[in-house]
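Okay, so here's the structure we're looking at.
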């Protein structure tokens, strides 16, 4: 693990596939913006609803879990995404880049 990486508890450890990534992303958010910020709360809340971190073509991306363990449908996710995450699009993109770089440092 990168010694700079702070890990915070994943509010959805039952979604084990990306739980470690969420611990690190929440740690990055805490390190950059603080744990009591609206951005931290929005990320944590969306994770509780079933937001996932997936490997994209060039880095990590956020994608919804649809169904029993996540959002009811894509329309629900898109509504919540637009309301809660869109205002922080730039900050989230920067944190996902940091996550990728910190994980590459480990490998």
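The values are calculated or read from the model by the stated rules, or taken from the named source; none is laboratory data. If you're wondering where the values come from, they're calculated on a predicted model, not measured in any experiment. Please note: Cβ atoms are built from the backbone with ideal geometry, for glycine as well, and neighbour counts cover all protein chains shown.
Restricting attention to the stretch 50-84, the residues that are touching a helix residue (DSSP H, G or I) at 6+ places or on another chain (Cβ under 6 Å) and part of a helix (DSSP H, G or I) add up to 1.
Could you check how many residues of the stretch 1-39 are closer than 19 Å to residue 87 by Cα and surrounded by fewer than 18 Cβ atoms within 10 Å (Cβ to Cβ)?
We begin by selecting, within the stretch 1-39, every residue closer than 19 Å to residue 87 by Cα; these are 25-26, 28-30, 32-39.
This time we only want the ones that are surrounded by fewer than 18 Cβ atoms within 10 Å (Cβ to Cβ), so: 30, 32-38.
Residues in the stretch 1-39 being closer than 19 Å to residue 87 by Cα and surrounded by fewer than 18 Cβ atoms within 10 Å (Cβ to Cβ): 8 in total.
Figure legend. Inter-residue proximity from the stretch 57-75: first residues at positive phi and at pLDDT below 95, second residues in a helix (DSSP H, G or I) and exposed (fewer than 12 other Cβ atoms within 10 Å of the Cβ), beta-carbon distance below 8 Å, spacing 6+ or different chains. No pairs are indicated. From the list 24, 17, pick out the single residue that is under 25 Å from residue 104 (Cα atoms) and out of contact with any helix residue (DSSP H, G or I) (no Cβ under 9 Å at 6 or more places or on another chain). It is 17. Output yes when any residue across the stretch 24-47 is touching a strand residue (DSSP E or B) at 6+ places or on another chain (Cβ under 8 Å), outside any helix (DSSP H, G or I) and in contact (Cβ under 8 Å) with a residue 24 or more places away in the chain, and no when none is. No, that holds for no residue.
So is residue 86 out of contact with any strand residue (DSSP E or B) (no Cβ under 7 Å at 6 or more places or on another chain), exposed (fewer than 15 other Cβ atoms within 10 Å of the Cβ) and within 21 Å of residue 13 (Cβ to Cβ) or not? Steps first, please.
On the way: out of contact with any strand residue (DSSP E or B) (no Cβ under 7 Å at 6 or more places or on another chain): yes; exposed (fewer than 15 other Cβ atoms within 10 Å of the Cβ): yes; within 21 Å of residue 13 (Cβ to Cβ): no.
No, not satisfied.
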